[in-house]
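Here's the structure, in structure tokens; my notes come after.
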Amino acid sequence: MADITLISGSTLGGAEYVAEHLAEKLEEANFSTETFHGPLLDDLNKEGVWLVVSSTHGAGDLPDNLQPLYDELNEQRPDLRGLRYGAIGIGSREYDTFCGAIEKMDELLTACGAKRVGDLLKINILDHDIPEDPAEIWLGSWKNLL
């Protein structure tokens with residue numbers, strides 16, 4: 001069983017790269033990880049620790065590969081009181097719906113009883129050509145909160 005389950009939602013692959021990079025850093029810090037790119041609810045342990053990384057597309061929409069998980073969570077409303085999670089959004093401040101997808105996931109996970117650990121990280125791709133860099137800095141503090 002993984003100490004930390006990483007979940008990515010990505011349209012063009014950026015969030016996948018960030019999730020994979022963070023999995024490597026967590027393993028270097030002696031955490032075990034499992035990474036899913038667009039899982040379904042049955043694929044996931046509903047207790048433990050998740051780290052959700054998502055880009056936003058359209059008008060604050062979730063990526064197509066993360067939408068099914070969101071829909072399952074929203075319809076089933078499982079008891080996630082045994083789950084702690086971190087959340088990272090990737091987007092552009094040029095849009096009113098900057099990081100809207102991760103905000104939706106954050107709100108839904110909390111509504112299901114999960115507890116967010118640390119602050120929600122929103123990465124503006126206009127400020128960071130390589131979103132892995134600010135995500136790695138954030139991870140350094142986040143993992144100490146677990």
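Counting pairs on different chains as well as pairs 8 or more places apart, how many Lys pairs in the chain have Cα atoms under 15 Å apart?
Within the chain, the lysine pair count is 5.
Filter the trypsin sites (Lys or Arg not before Pro) in segment 64-146 down to the DSSP loop ones having no more than 15 other Cβ atoms within 10 Å, then list what survives.
Those that pass, being in a loop and sparsely packed, are 81, 93.
May I ask you to give the percent of accessible area on segment 55-146 that is carbon plus sulfur, with a probe radius of 1.4 Å?
The nonpolar share, carbon plus sulfur, comes to 44 percent.
Keeping all protein chains in place, calculate the accessible area per residue for the chain (probe 1.4 angstrom), answer in Å².
Counting only protein heavy atoms, the per-residue value for the chain is 50 Å².
Loop by DSSP (not H, G, I, E, B), at most 16 other beta-carbon atoms within 10 Å: where is the longest site-free stretch of the chain for GluC sites (Glu not before Pro)?
95-146
Output the relative contact order of the chain, whole-number percent, from Cα pairs under 8 angstrom with separation of 6+ residues.
24 percent
Would you compute, from DSSP H runs of 4+ residues alone, the mean residue ellipticity of the chain at 222 nm, taking -39500 (n - 2.57) per run and dividing by the full residue count, rounded to the nearest 500?
My calculation for the chain gives -10000 deg cm²/dmol from helical runs alone.
In the chain, how does Rg compare with the Kirkwood Rh, expressed as the Rg/Rh ratio over alpha carbon atoms?
Over the Cα atoms of the chain, Rg/Rh equals 0.93.
Using a 1.4 Å probe, how large is the accessible area of residue 142, given in Å² and rounded to the nearest 10?
Only protein atoms counted, so the area is about 0 Å².
The values are calculated or read from the model by the stated rules, or taken from the named source; none is laboratory data. From a predicted model like this one, the values you see are computed outputs, not experimental measurements. Neighbour counts run over all protein chains shown; Cβ positions are idealised from the backbone, glycine included. Each accessible area value is taken on the protein alone, full model and side chains, heavy atoms only, with ligands, DNA and RNA left out. Shrake-Rupley method; radii C 1.70, N 1.55, O 1.52, S 1.80 Å.
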